[in-house]
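The values are calculated or read from the model by the stated rules, or taken from the named source; none is laboratory data. The structure displayed is predicted, hence computed values, not measured ones. For neighbour counting, all protein chains shown are included, and Cβ atoms are generated from backbone atoms with ideal geometry for every residue, glycine included. In case anyone asks, the SASA skips ligands and DNA or RNA and just uses the protein heavy atoms, side chains included. Shrake-Rupley method; radii C 1.70, N 1.55, O 1.52, S 1.80 Å.
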Amino acid sequence: MDIYITRQPVYDRDLSVFGYQLLYHATHPSSDEISGDSALNLLNSLLDMGLNKMVGDRLGIIDFSQELSNEKFTLPFSSQQILLKLPTTANLNEQIVEQMKQMVKARYKVMIHDHQLVAKFQDIRRYASIIMVDFQATTLQNVIKKIVELKKLQIPLMALNVDNYQQMGLCNELKINYVQGDFFNKPNIVKGKK
């Protein structure tokens, strides 16, 4: 059975590859599709294909989904190999926040989106290793305001959906720690056998 994993690089400030966001697809993804299927399927596929084949000595960035927030679930890779990303669409609840605490306690790093810093779950930022800001979610002026505010938290920032020279220049100017987007390259697809 064929399996597909899209792999999109995340770069640091020096434009060196920091890690790869990995998404599982049960069928061949179209070039426009960037959201993957189940995080559990991704982990199982990475066990079959080998994480090192996908990311080498870089981090594999995987979505921390509801199914991974099950308290009995343990990750099959070390905290040195993967970085957990809370998906944009994740509905924060006590269970997810508690599991994030446990993952951080086990030395895993967790990335969250800026809009997930809501009053009800204000502690969530204590567990965040990286805060993501989406350049396509609002106007450039609002993105700048948001970044200036987030910088005060002294948590590394990652710019998502950086798609042009102006946005990349802004990332450099604002000293954003990590960047990802089609400006660099579209995700590539790696095919494997299950």
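Is there a residue being within 21 Å of Pro9 (Cβ to Cβ), at pLDDT below 90, open to solvent by 20 Å² or more (accessible area, probe 1.4 Å) and of a type outside the set (Gly, Ala, Ser) anywhere in region 106-127? Yes; the residues of region 106-127 include at least one that is within 21 Å of Pro9 (Cβ to Cβ), at pLDDT below 90, open to solvent by 20 Å² or more (accessible area, probe 1.4 Å) and of a type outside the set (Gly, Ala, Ser).
Within region 148-161, being closer than 12 Å to Val179 by Cβ and either small (Gly, Ala, Ser) or out of contact with any Phe, Trp or Tyr (no Cβ under 9 Å at 6 or more places or on another chain) (or both) holds for one residue alone: Ala159. Scanning region 81-98 for residues that are crowded, with 20+ Cβ neighbours inside 10 Å and not aliphatic (A, V, I, L, M) yields one hit, Lys85. Looking at Leu174, Leu170, Leu157 in this structure, which one is at pLDDT 90 or above and within 22 Å of Ala90 (Cβ to Cβ)? The match here is Leu157. Collect the residues in region 127-175 that are at positive phi and not polar (S, T, N, Q), keeping them in residue-number order. Across region 127-175, the qualifying residue is only Lys175.
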